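Have a look at the structure below before the remarks.
The values are calculated or read from the model by the stated rules, or taken from the named source; none is laboratory data. Quantities reported herein were computed from a predicted structural model and do not represent experimental measurements. All Cβ positions, glycine included, derive from the backbone under ideal geometry; neighbour counts span all protein chains shown.
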Amino acid sequence: MRIPRPLAVVTAAAVASLVACGGGVHGTPGGSGARDPYFPKAGNGGYDVGHYALDLAYDPGTHQLSGTATITARATQDLSAFNLDLKGLDVEKVTVEGHGARFNRAGQELTVRPPVELHDGRTFRVAVRYSGTPVTITDPDGSEEGWLRTADGALALGQPTGSMAWFPGNHHPSDKATYDLAVTVPQGLGAVSNGEPAGERTARGRTTYTWRTTEPMASYLATVAIGDWDVHRSATRDGLPVYTAVDPGQAQASRKLPDTIAEVLTWAQEHFGPYPFSSSGAIVDRPEDADYALETQNRPVFAGAPDTVLLVHELAHQWYGNSVSPKTWRDMWLNEGFATYAEWLWQEDHGGDTAQETFDALYAGHYYDGEDANDSVWAFPPADPPDAAHISASPVYQRGAMVLHKIRRTVGDDGFRTLMRGWASAHRHGNADTEDFTAYVERTAPDEDFSVIWEDWLYGEGRPDRP
Ligand SMILES: [Zn+2]
């Protein structure tokens, strides 16, 4: 729940024509984007969402999704119109504060003209009723997200822009919010989401599952997984609830998963500080249901039972990415460099390569089997991906982790642990960017000089001359 930076008013032609027609409310249109360097239409300006209440129904047989999204937001300017992001689906009705509102659509922008005054600072509710066939979105890097059909249901994955395929919202990581999600499915199917279960009821052959997320969440981390699930509830030694939902075909391979999650979280808290959310777990779908794992909040999604290192990566994101979220998609290395470094730390602590050995192998170019893969680590600076197709490319992960290792070598192991814990604490449930991070590091270790790390490793082109 962060207030977006002040926005230049980006007025779409459609919005301008609505505003000019007179008889409307005071104010100016909110921006149609959150000024992201890679996804300029993602997110919107002029308001800050506090809460999403999503009441959905999905039938895998007909592949139809219907629902009402009730969004509670606060105006950050006098709003004559504002946008939500929604891709595909048919909008049937929009209300603002209970009054029918005019709206129009252009691409992923759903523009709403409020029938009541929305002055700067006012909290308001907008409800959108919609239905249709939800779309799968192909990312600039070729991966698939949005609403994915699976053999027995569906899986919603949102990084970076997939969540607009299943609910309207302010779909940019800078605007975090709490969620209530209710999803109704044919009786016999299950539905799992973020947060904690908050009820289940069956009537007339359909079952409604309710999930509640009380800590702020970026919308790209929202998920709903519909299908046949083996659901298991356990707890860590500290009493943190662990909910796992496993496709029956992955049950045997996942039988140790709840215990492994507890073990990883205990280890991770030593390195990263207190776990930031009120439950954990995992969703394990079939290997063919998705091409990748995603750190969906509270319980990451895996395509097939994860190995421990992959589990470490996605659980580390709960601190770095999910609690401390990027301000824009340029800051992805603050997610992926950290989660990758968590893998290195885990291996170092469990009899595998030390982080130094991993760093050395990457620097020498014999970490991967292929030369191209080894060279790709140096393709661009981790803090400045060239375009939207590269926000999840190798330098963001591997070279991002190398930046952290350079910092660790500068401040020492104890100083580094303090720094990792302090960073997670300083921006807990918030947003941060690369400049926030470098300033934080410099404040934490004022006697050290990090300028070469920033210039060569974080922002520099090509492989630095010296390891
Ligand atoms: Zn990751």
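Taken as a whole, the structure places Arg417 among residues that are within 15 Å of Ala268 (Cα to Cα) and either surrounded by fewer than 18 Cβ atoms within 10 Å (Cβ to Cβ) or modelled with pLDDT under 95 (or both). The residues listed here are Ala127, Ala156; of these, the one that is crowded, with 22+ Cβ neighbours inside 10 Å and of a type outside the set (S, T, N, Q) is Ala156.
Residue check: is Val231 among the hydrophobic types (A, V, I, L, M, F, W, C), touching a residue at least 40 places away in the same chain (Cβ under 8 Å), surrounded by fewer than 22 Cβ atoms within 10 Å (Cβ to Cβ) and part of a strand (DSSP E or B)? So Val231 fits the description; yes. Considering each residue of the range 387-394 in turn, at least one proves to be in contact (Cβ under 8 Å) with a residue 60 or more places away in the chain, among the hydroxyl-bearing types (Ser, Thr, Tyr), in contact with a Ser or Thr (Cβ under 8 Å, 6 or more places away or on another chain) and within 13 Å of the ligand (Cβ to nearest atom).
The one condition from (1) over 12 Å from Gln398 (Cα atoms); (2) touching a helix residue (DSSP H, G or I) at 6+ places or on another chain (Cβ under 8 Å); (3) within 16 Å of the ligand (Cβ to nearest atom); (4) not basic (Lys, Arg) that Asp349 does not meet is (3). Output yes when any residue across the range 125-140 is more than 23 Å from Val224 (Cβ to Cβ) and in a loop (DSSP other than H, G, I, E, B), and no when none is. Yes, because at least one residue in the range 125-140 is more than 23 Å from Val224 (Cβ to Cβ) and in a loop (DSSP other than H, G, I, E, B).
Would the range 84-98 turn up any residue that is among the hydroxyl-bearing types (Ser, Thr, Tyr), in contact (Cβ under 8 Å) with a residue 12 or more places away in the chain and surrounded by fewer than 21 Cβ atoms within 10 Å (Cβ to Cβ)? Yes: the range 84-98 contains one or more residues that are among the hydroxyl-bearing types (Ser, Thr, Tyr), in contact (Cβ under 8 Å) with a residue 12 or more places away in the chain and surrounded by fewer than 21 Cβ atoms within 10 Å (Cβ to Cβ).
Note on the range 241-312: enclosed strands (runs of 3 or more DSSP E) holding 1 or more residues that are more than 16 Å from the ligand (Cβ to nearest atom) and at pLDDT 95 or above are 241-246, 280-285. Considering the range 313-324, and only residues there that are within 13 Å of the ligand (Cβ to nearest atom) and polar (S, T, N, Q), the residue that is surrounded by the most Cβ atoms within 10 Å (Cβ to Cβ) turns out to be Asn322. Within the range 274-319, being closer than 22 Å to Gly190 by Cα, aliphatic (A, V, I, L, M) and without any contact (Cβ under 8 Å) to a residue 40 or more places away in the chain holds for Ala282, Ala293, Ala303.
With respect to Phe338, is the statement that it is away from the ligand (no atom under 15 Å from the Cβ) and buried (at least 23 other Cβ atoms within 10 Å of the Cβ) true? No, not satisfied.
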